[in-house]
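Each remark here refers to the structure printed beneath this line.
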Protein chains: 2
Amino acid sequence: MATATIITIGDELLIGQVIDTNSAWIAQELNKAGIFVKRRVAVGDDENDIRCTLDEESTHAEIILITGGLGPTNDDITKPLLCTYFNGKMIVNEDALQNVKYLFEKVFKRPVTEVNLKQAEVPDVCTVIQNKRGTAPGMWFEKEGKIFVSMPGVPNEMQGMMKEVIEKLKSKFQLPVIIHKTLLTAGIGESMLAEHIKEFESDLPPNIKLAYLPNYGMVRLRLSSSGYDKEVIENKIETEFEKLKSLTKEYLVTDVDEPMEKVIGKLLSAKTKTMSTAESCTGGYIAHLITSHAGSSKYFKGSVVSYDNEVKENILHVSNQTLQTVGAVSEETVKEMLKGVLNILKTDYAIAVSGIMGPDGGSAEKPVGTVWIAVGSFDKLRMTANSQTLKLNLRFDRRRNIQITAMNALNLLRKFIMEND
Amino acid sequence: MATATIITIGDELLIGQVIDTNSAWIAQELNKAGIFVKRRVAVGDDENDIRCTLDEESTHAEIILITGGLGPTNDDITKPLLCTYFNGKMIVNEDALQNVKYLFEKVFKRPVTEVNLKQAEVPDVCTVIQNKRGTAPGMWFEKEGKIFVSMPGVPNEMQGMMKEVIEKLKSKFQLPVIIHKTLLTAGIGESMLAEHIKEFESDLPPNIKLAYLPNYGMVRLRLSSSGYDKEVIENKIETEFEKLKSLTKEYLVTDVDEPMEKVIGKLLSAKTKTMSTAESCTGGYIAHLITSHAGSSKYFKGSVVSYDNEVKENILHVSNQTLQTVGAVSEETVKEMLKGVLNILKTDYAIAVSGIMGPDGGSAEKPVGTVWIAVGSFDKLRMTANSQTLKLNLRFDRRRNIQITAMNALNLLRKFIMEND
């Protein structure tokens, strides 16, 4: 089985100034191609540390993918270092040079500097992977049966190169099939779930692995297996996956690896229904989650982010009396917000949320983490005020409180749509 | 100098199902305490790989911080493995047991299962770091002068333990001061900026390091230095930082390490002014960025996410004629959206955006990545329609297009506020 290690280079990763999203993306792509990622390492812009990491990682895997440190500035030392490491000398790559000139003239519309032109130089011992989205070319080295590929750290540029890299890797290795099947549950904790499927887990065939991935109060369960006979593995994993689905039926959100907001998008699309949100404490985060997905304009009409009570009153028509008597964080308020947004945005369904995300703003009666959610539908609301509400008492930091509130609101709407068909 | 390495454990990191945010957070905390993070490594839930990584990383650093693999389920193998690795045997920790029982009875309000009670078992050769936010205790081991600390992978639980870990580390090492000074620029590319400050960079004293951190079309510049005399380092870095600030004056957004939306929050707070947004293509993302920060309710009143043209017309009062003739992605539309949101949300300033984020929805005339932004103010608008507009032609994926649009819109508003004082 071909194994890979991902090295990310940059001091910013070691002081925590930047979160490394490249490794996860690369890992996904390699995995899909049947390459097993064994390790991921981050090191700083330090020559000795990088050399030592290259030596060490080549003992762990056959494929060493490197990102970062290819920028035009002096703190980017990866390229000269790789040149020495592989005993090469620097030469100008004609294609890369044309690319730099093209990008500056046609795309950036800025004069090319000397520093930029240096981007077209590469070690003579590498094969160049062209970078259509930026100036730093990728470099493919081979040494003692190991493959080293260096790519820029800019996600968009690296991603643009990976297709070619994967193709080249496929031609070098006979790659197995890796299959993952993931389902998402909500409303049950990790340990309760483990207790619930204890027997299933211990009866799993040895080449099928089960993983628990808790996140935002939901738990994803993943079955994985690999081998060379795609059909055999698929059948085996499918059988176990069906068992798992029926065991977790009560909590099952989706049986594909997709986020909650996409599940709702599919539900609404299938019914050609629309939705909207009225958000106070989540400040537009639910709308953002939904609109992150292409095609959401088919079912999402918009949102009123009523952060200020004035907006709740003037736009959503929450009554002043409600706000004065029971306050903005109350069941009555979210119900009125819901009614308001359904009426003014004219959607079939809606979500309304109001709460205290912290760190300030809590009181003895309504501590930080108190949240009210309402979900409901238009037609029924006009007659019978058909809505459903939920109160949360969260105990995390601001960001996490916002995320968990959003997930709970979306899950409540999902269940509402399914139950009120 | 005390050096650390961070090991994160979990198959989900190697197949790219989860983005590792823990490492960045831990790195920040260690850095503040004067501990230099040399490496970060991610490995899967595999006994051999974890053992090998523990051996290897202890040759690189004195402090080895480990997260993940402490859950109650069978795929979590870190605890028994550490027990064997450090030649211990499992015993029940009384405090941890009380904590598990307390959490289930009082917080989760669910029955304690056998699996949960096992969480209170720890190797007898470790010092326990209590976990007040979850059931898995942290474990502190010492071996041959190296310190190993194992913590849960759940961010909130790990973060709750780190204070105690840092205190214990401080008592073990004489730690130096590490100082970073960061400024944020916008409107100039990385290589142009490098050209612009070339001399400054080559004249920097050897113990001061300059790093370029490009992100979302902006570039952060960071100066770093470390040593044992805090005052000396602070003065040295301050002198260079002042030079850098004056050199980059034209592009300078802020001279502290904070995001764009916080800069605007400070500007507005200082003037006791308010703002709102009218978002089409960013779908609430700008509102979300602003409301991610505590205290934003002082200056942010709300947003109308007008994803559908109906919402642009009915709520923001964009004229049907504008939408029919020049379309939703046009200078006229964003100007009308701006006027609409200023009028209905009654704020001093506002942002309006409309564009095509992709991958679909483009045309020859308005390809994917076409974005119009308007920013402006209320009083002046009523008289003279005081606003400023910007057109972008982006060429990234949907997510990145949304992020870059948001950053450009915020930067345009920032400049507008400063220029229209």
Picking from A:G153, A:G145, A:G160, A:G138, which residue would you name as being at positive phi and in the same structural domain as A:P72 (by TED's automatic domain parsing)? A:G145
When you check B:L183 against the structure, is it in contact with a strand residue (DSSP E or B) (Cβ under 7 Å, 6 or more places away or on another chain) and within 12 Å of chain A (Cβ to nearest Cβ), yes or no? no
Could you list, in sequence order, all residues of the stretch A:287-320 that are touching a Leu at 6+ places or on another chain (Cβ under 7 Å), touching a residue at least 40 places away in the same chain (Cβ under 8 Å) and farther than 15 Å from B:L345 by Cα? A:K301, A:G302
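Only one residue in B:V341, B:V334, B:V318 is surrounded by 24 or more Cβ atoms within 10 Å (Cβ to Cβ) and in contact with a helix residue (DSSP H, G or I) (Cβ under 7 Å, 6 or more places away or on another chain). Which one? Don't jump to the end; show me each part of the working.
On the way: B:V341 fails: in contact with a helix residue (DSSP H, G or I) (Cβ under 7 Å, 6 or more places away or on another chain); B:V334 fails: in contact with a helix residue (DSSP H, G or I) (Cβ under 7 Å, 6 or more places away or on another chain).
The conditions single out B:V318.
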Only one residue in B:S224, B:S297, B:S292, B:S306 is polar (S, T, N, Q), at the interface with chain A (Cβ under 8 Å from one of its Cβ atoms) and in contact with a helix residue (DSSP H, G or I) (Cβ under 6 Å, 6 or more places away or on another chain), so which one is that? B:S306
Those residues of the stretch B:340-355 which are within 11 Å of chain A (Cβ to nearest Cβ) and out of contact with any Leu (no Cβ under 9 Å at 6 or more places or on another chain), in sequence order: B:L345, B:K346, B:T347
Taking only the stretch B:23-47 into account, find how many residues are in contact (Cβ under 8 Å) with a residue 60 or more places away in the chain and closer than 23 Å to B:T59 by Cβ. 7
Identify the residue in the stretch B:9-21 that is under 13 Å from B:G153 (Cβ atoms) and surrounded by 24 or more Cβ atoms within 10 Å (Cβ to Cβ) and, among all such residues, is farthest from the other protein chains (Cβ to nearest Cβ). B:I9
Give the stretch A:130-159 a look and list any residue that's over 16 Å from A:P80 (Cβ atoms), touching a Leu at 6+ places or on another chain (Cβ under 8 Å) and more than 14 Å from chain B (Cβ to nearest Cβ), or say none. A:I147, A:V149, A:M151
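Take the stretch A:259-295 and flag every residue that is assigned to a helix (DSSP H, G or I) and of a type in the set (G, A, S). Don't jump to the end; show me each part of the working.
To start, the set of residues in the stretch A:259-295 that are assigned to a helix (DSSP H, G or I) comprises A:260-271, A:285-291.
Within the stretch A:259-295, A:G265, A:S269, A:A270, A:A287 meet the criteria.
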Would you check if A:I233 is crowded, with 17+ Cβ neighbours inside 10 Å and out of contact with any strand residue (DSSP E or B) (no Cβ under 6 Å at 6 or more places or on another chain)? no
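Just to be sure before I move on: is A:Y212 in contact (Cβ under 8 Å) with a residue 60 or more places away in the chain and within 11 Å of chain B (Cβ to nearest Cβ) in the structure I sent?
Details: in contact (Cβ under 8 Å) with a residue 60 or more places away in the chain: no; within 11 Å of chain B (Cβ to nearest Cβ): yes.
Criteria not met by A:Y212.
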Within the bounds of the stretch A:184-192, is there any residue that is in contact (Cβ under 8 Å) with a residue 40 or more places away in the chain, touching a Pro at 6+ places or on another chain (Cβ under 6 Å) and of a type outside the set (D, E)? no
State whether the residues of the stretch B:239-251 include one that is more than 25 Å from B:M418 (Cβ to Cβ), away from chain A (no Cβ under 13 Å) and at pLDDT 95 or above. yes
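The values are calculated or read from the model by the stated rules, or taken from the named source; none is laboratory data. What you see is a predicted model; the values in this text were computed from it and never measured. With ideal geometry, Cβ positions are generated from the backbone for all residues, glycine too; neighbour counts draw on all protein chains shown.
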